[in-house]
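What follows is a set of notes on a single structure, which appears directly below.
The values are calculated or read from the model by the stated rules, or taken from the named source; none is laboratory data. What you are looking at is a predicted structure, and each value in this text was computed from that prediction instead of being measured. Don't worry about glycine lacking a Cβ; one is built from the backbone with ideal geometry, like all the others, and counts go over all protein chains shown. These accessible areas exclude ligands, DNA and RNA; they are computed on the full protein's heavy atoms, side chains included. Shrake-Rupley method; radii C 1.70, N 1.55, O 1.52, S 1.80 Å.
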Amino acid sequence: MNYKTNIAYRKETLIKLLNVIITHENEIIEALYSDFRKPAFEAVLTETNYVISELKDAIKNLHKWAKPKRVFPSILNFPSTDYIYKEPYGKVLIIAPWNYPFQLALCPLISAVAAGNQVVLKPSELTPKTSEIITKIIEKVFPVNHVEVIEGGLEVSQKLLSQRWDYIFFTGSVPVGKIVAKAAAENLTPVTLELGGKNPCIIDNTANLKLAAKRIVWGKFINAGQTCIAPDYILIQKDMKSHFIEFVKLEITKAYGENPKLSPDYARIINEKNWLRLANMIDENKVVFGGQTDIEDCYISPTLIDESSVDSLIMKDEIFGPLLPILSYENETEINTIISKYEKPLSLYVFTEDKKFAQKIIKRYSFGGGCINDTVVHFSNKRLPFGGVGHSGIGAYHGRLSFDTFSHKKAIVKKANWLDLPMRYAPYKDKLKSIKKVLKWL
């Protein structure tokens, strides 16, 4: 079957994939829990339901997305009709991360298939149960020469990157993203890199602190903080800080109880290596809430850290865990001094009732995307592009943009034969003055 040109076949395949995922949804939820205790609610909200929604959107709109788009022609080409044709790149490599191992593997795969590509998917070796169910699902839906899952660790990734691809889609850390970009450059392969960064969350003295605390606690500690768009650190006006900390403590307790370790709604750190990395960031002298750890359970409690130095370990790189530094500022210059120390973040959040302040912040700083008076939720709107800028990523996707990401846009001019203006043809003698007059008005 020629899935490159047969749109009906692509649609049928996506429908089959949708049905198989729905059939195996409970197994997917169980696999996510087995890999790092992801709560069922979070598994449905951020993994299975998100993928199902993306599938339904692609199935519904596939013919419309794939249809050649007619654009207004240039008067220089009169008479003509101009089009943009979308064609698949060809052989696509997708390397998925471990933090949302089902969603961030399947969503780009859905779009790559919808656009007509062949796909090799490399799921994360750190979530073996989820990778296993992904392989099971893909093998039920696709022939191996259309979509193939290749499991394994670092050596497998290196071997895959050494091969030539028509497109590479990678989600993960900045250091590994640089390795992927370097490998892609060897063959001038286009890439999408979904990376991360230190995402600031700014709170001014007009903000609704109680509601801000509630929304920040949810956005920060969902998935135990292992979310690339989670708030990485708080920047709050100095005289509001103590009140804010008390609200955050209250919201953490409401969400996860007096002992979050016993909460069925709190995930675990993915493995011992990442647990050690996070545990080393905790300065006990700065902890104002939480700080409990258990290496055998890969557990770190939701932890608030007061006034970390910008030179401390926790402020050096993206945290990617349930540790929340709270820094204060007195003026906008101090905000700028701190944010400017870091590369462009994947997300930025600002809590304020001052519309001018909000607009000033989102216009002043370059970042992938974000929210005013909320966190993380911009990811949920498939009509918004999701992606980074600078060190936080290259390219964007979601919804129709995902289809476009995996499609080459081919420009076509269809020229009519009933008129052929002689001015463009050589010899050019005595034509220069005339063409300048024409071009002046175009």
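Here are the numbers for the structure shown:
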quantity: Hits in region 306-321 (condition: under 25 Å from the mean Cα position of the chain (by Cα) and not hydrophobic (A, V, I, L, M, F, W, C)); calculated: 316, 317, 318, 321
quantity: Flag if residue 158 is open to solvent by 30 Å² or more (accessible area, probe 1.4 Å) and part of a helix (DSSP H, G or I); calculated: yes
quantity: Residue count for region 91-110, restricted to those that are hydroxyl-bearing (Ser, Thr, Tyr) and either in contact with a Leu (Cβ under 7 Å, 6 or more places away or on another chain) or open to solvent by less than 10 Å² (accessible area, probe 1.4 Å) (or both); calculated: 0
quantity: Restricting region 375-432 to residues that are of a type in the set (Asp, Glu) and at pLDDT below 95, the residue that is nearest to residue 200 (Cα to Cα); calculated: 420
quantity: Test for residue 25: is it open to solvent by 10 Å² or more (accessible area, probe 1.4 Å) and over 30 Å from residue 86 (Cα atoms); calculated: yes
quantity: Check on residue 213, farther than 20 Å from residue 107 by Cα, open to solvent by less than 10 Å² (accessible area, probe 1.4 Å) and part of a helix (DSSP H, G or I); calculated: yes
quantity: Looking only at region 144-155, and only at residues there that are free of Cβ contacts under 8 Å to residues at least 60 places away in the same chain and not β-branched (Val, Ile, Thr), the one that is most open to solvent (accessible area, probe 1.4 Å); calculated: 155
quantity: Filter result for residue 414 (open to solvent by 60 Å² or more (accessible area, probe 1.4 Å), of a type in the set (Lys, Arg), closer than 30 Å to residue 168 by Cβ and part of a strand (DSSP E or B)); calculated: no
quantity: Test set (1) buried (at least 17 other Cβ atoms within 10 Å of the Cβ); (2) in contact with a Cys (Cβ under 8 Å, 6 or more places away or on another chain); (3) not polar (S, T, N, Q) - residue 401 fails condition number; calculated: (2)
quantity: Output for region 287-315, where each listed residue is touching a residue at least 60 places away in the same chain (Cβ under 8 Å) and open to solvent by 50 Å² or more (accessible area, probe 1.4 Å); calculated: none
quantity: Filter pass, residue 100 being assigned to a strand (DSSP E or B) and modelled with pLDDT of 95 or more; calculated: no
quantity: Selection status of residue 131, open to solvent by 10 Å² or more (accessible area, probe 1.4 Å), in a helix (DSSP H, G or I), at negative phi and modelled with pLDDT of 95 or more; calculated: no
quantity: So residue 31, is it crowded, with 20+ Cβ neighbours inside 10 Å and touching a helix residue (DSSP H, G or I) at 6+ places or on another chain (Cβ under 6 Å); calculated: yes
quantity: Criterion (under 30 Å from residue 266 (Cβ atoms), surrounded by fewer than 20 Cβ atoms within 10 Å (Cβ to Cβ) and either among the hydrophobic types (A, V, I, L, M, F, W, C) or free of Cβ contacts under 8 Å to residues at least 12 places away in the same chain (or both)) met by exactly one of 55, 45; calculated: 45
quantity: Of all residues making up region 378-431, the number that are of a type in the set (Phe, Trp, Tyr) and within 24 Å of residue 57 (Cα to Cα); calculated: 5
quantity: Residues (touching a Ser or Thr at 6+ places or on another chain (Cβ under 6 Å) and modelled with pLDDT under 95) located in region 260-289; calculated: none
quantity: Single residue of region 161-190 satisfying the filter (assigned to a loop (DSSP other than H, G, I, E, B), among the hydroxyl-bearing types (Ser, Thr, Tyr) and under 20 Å from residue 117 (Cα atoms)) that is most open to solvent (accessible area, probe 1.4 Å); calculated: 162
